[in-house]
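The values are calculated or read from the model by the stated rules, or taken from the named source; none is laboratory data. Computed from a prediction, not measured in an experiment: that's the story for all the values here. Cβ coordinates were reconstructed from backbone atoms using ideal geometry, including for glycine residues, and neighbour counts include every protein chain displayed.
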């Protein structure tokens, strides 16, 4: 793509056959990875009849091209070693045809530097030299510097389709012992159409909802990250430190969602991406020990290690995704990302997966001990995301984790998970489960609202897993506030009482909570609910706001949302009983936009709030609006 001013370098070009004559049986040969695979050299290495080479050891960091293709894998001439067990290489590894080296990607350059992985020769795909006599490694930097230092024979396959990229990519043409001309085009990977994959889109949308502005992300060229990128419109000041740079990231940079210089080691994508990367200073290519160094990752604020996994159990353990077609995160490169997220100020480790697999089996299980390929220790996981929501795990007990994960499992699987967890003493033996409510959970009730004093609150429907958070809220209230809410001096709210409260019958009751989110922790500061009356189309309404957050408008917002939800359910009004001294609640009722009729009887105001035919308050969302 970047045409050289001088073409004198062409005098150094040799035939692939001449390169082959300098190889010997038993050599360890490093091969460029991914889209930077030197395909012309590989073709001659495997198929050339002009040389007799045996017992070659080929080393490739990430294998998803020619060397693991059906026509080459299992060749009697060479044995491939790879550091990546996913994508097309996975099947060859499982069949015993390719050797897998398990190690953290950030440690690979050091293993080569130390000689633990010996390298005799190296084949790279490069750009034509520029006017100053430098070639660019283009779209694959990984461990190239370490390899070139130790290899006795270094060969460059010159391909004019390779983009000239910035970063630690430029090599003097004199450092190559031989140059050959590539006879093959660059390997491209076009993004997949996502319009048909509604389920993946919902998982991605829920994941995007927990990505704060100013976060730092790592991406992979797979379907989930393509879907996630489409859900990040409207975010701003995101940054990228990622092993792969993809079309999705290019679009985020172009749209202004990603700012600054993106840091990466590989590029995989379309022809348009490769053209866009050519001499583009917004992407900085660096070795893996820089890009995936946990300490360097941890210097980014809010680094999000988002890992698409295959299964999760009730303890929070995840099993890596085994996508045989696309490139997803490697189990051991995941460790680099996770360690970096742990060191990052505001960093998070997130598992993302659909609630069920393609066979209809639950992806959330009692245990995943029988599966291989555990991703990371469960204590490192902050959140798990499915199409049914987000489960916050950080700082929670095993029982609280289990309940939160059951809340986001497929509704058809929740009852069995509850029973299994009770038998294993993970959940309380008397744990309530209302099967019919699993199917009608109002997930559309979700909004973010910034109130006075810049207090941002997530409003959502109450969940069974909110038991402990609601219990802690109860004990933060003063005796006066408790009396206003319950009309009696309640001193304790044990499990037996609180689980009934958070597992209210969804056919007659609707409850919403106000949640503060900080560092993957949720703190409930407000709750409001209505319960349908038996004798008429009215519901009894009540709400409470933690005293520290009263006067900010939270109570009024919750009340107006309850009015809208009640209207959507065909109710014609609210009733309530309020102590005369509870003027703050009475004021909230008066701000609801409907007439308030009150009658004092037996020391209580008996309040009726008819809706009549007034239009709904359009400022109160009734559908998913997490970015309000």
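Just to check your reading of the model, which residue among 30, 83, 78 is at pLDDT below 90 and either assigned by TED's automatic domain parsing to the domain that holds residue 291 or under 24 Å from residue 334 (Cα atoms) (or both)? First the steps, then the outcome.
Working: 30 fails: at pLDDT below 90; 78 fails: either assigned by TED's automatic domain parsing to the domain that holds residue 291 or under 24 Å from residue 334 (Cα atoms) (or both).
It is 83.
Return only the number of the condition from (1) free of Cβ contacts under 8 Å to residues at least 40 places away in the same chain; (2) in a helix (DSSP H, G or I); (3) touching a strand residue (DSSP E or B) at 6+ places or on another chain (Cβ under 7 Å) that residue 219 does not satisfy.
(2)
Got at least one residue in the stretch 504-512 being crowded, with 19+ Cβ neighbours inside 10 Å, at pLDDT below 90 and touching a strand residue (DSSP E or B) at 6+ places or on another chain (Cβ under 8 Å)?
no
Restricting attention to the stretch 226-239, which residues are in contact (Cβ under 8 Å) with a residue 40 or more places away in the chain and not in a strand (DSSP E or B)?
The answer is 228, 234.
Just to check your reading of the model, which residue among 525, 609 is more than 23 Å from residue 473 (Cβ to Cβ), surrounded by 21 or more Cβ atoms within 10 Å (Cβ to Cβ) and in contact with a strand residue (DSSP E or B) (Cβ under 9 Å, 6 or more places away or on another chain)?
The match here is 609.
Between a residue in the stretch 586-597 that is within 11 Å of residue 610 (Cβ to Cβ) and any residue that is surrounded by fewer than 16 Cβ atoms within 10 Å (Cβ to Cβ), which pairs come within a Cβ distance under 7 Å, given they are 6 or more apart or on different chains?
594/610; 594/614; 595/610; 596/590; 597/608
Within the stretch 413-420, is even one residue in contact with a strand residue (DSSP E or B) (Cβ under 6 Å, 6 or more places away or on another chain), assigned by TED's automatic domain parsing to the domain that holds residue 350 and either exposed (fewer than 15 other Cβ atoms within 10 Å of the Cβ) or at pLDDT 95 or above (or both)?
Yes, some residue in the stretch 413-420 is in contact with a strand residue (DSSP E or B) (Cβ under 6 Å, 6 or more places away or on another chain), assigned by TED's automatic domain parsing to the domain that holds residue 350 and either exposed (fewer than 15 other Cβ atoms within 10 Å of the Cβ) or at pLDDT 95 or above (or both).
Would you pick out the residues in the stretch 162-182 that are assigned to a loop (DSSP other than H, G, I, E, B) and either more than 39 Å from the chain's Cα centre (by Cα) or under 15 Å from residue 280 (Cα atoms) (or both)? Reasoning before the result, please.
Going through the stretch 162-182, the residues assigned to a loop (DSSP other than H, G, I, E, B) turn out to be 162-165, 168-169, 176-177, 182.
Listed by number, the residues that qualify are 162, 163, 164, 165, 168, 169, 176, 177.
Quick one: what pairs do we get from the stretch 86-115, first residue at positive phi, second part of a loop (DSSP other than H, G, I, E, B), C-beta under 6 Å, 6+ apart or different chains?
What qualifies is 87/64; 87/327.
Got a number for residues in the stretch 444-471 being in contact with a helix residue (DSSP H, G or I) (Cβ under 7 Å, 6 or more places away or on another chain) and part of a helix (DSSP H, G or I)?
7
Hey, among the residues in the stretch 361-380 that are modelled with pLDDT of 95 or more and assigned to a loop (DSSP other than H, G, I, E, B), which one's surrounded by the most Cβ atoms within 10 Å (Cβ to Cβ)?
Only one residue tops the list, namely 363.
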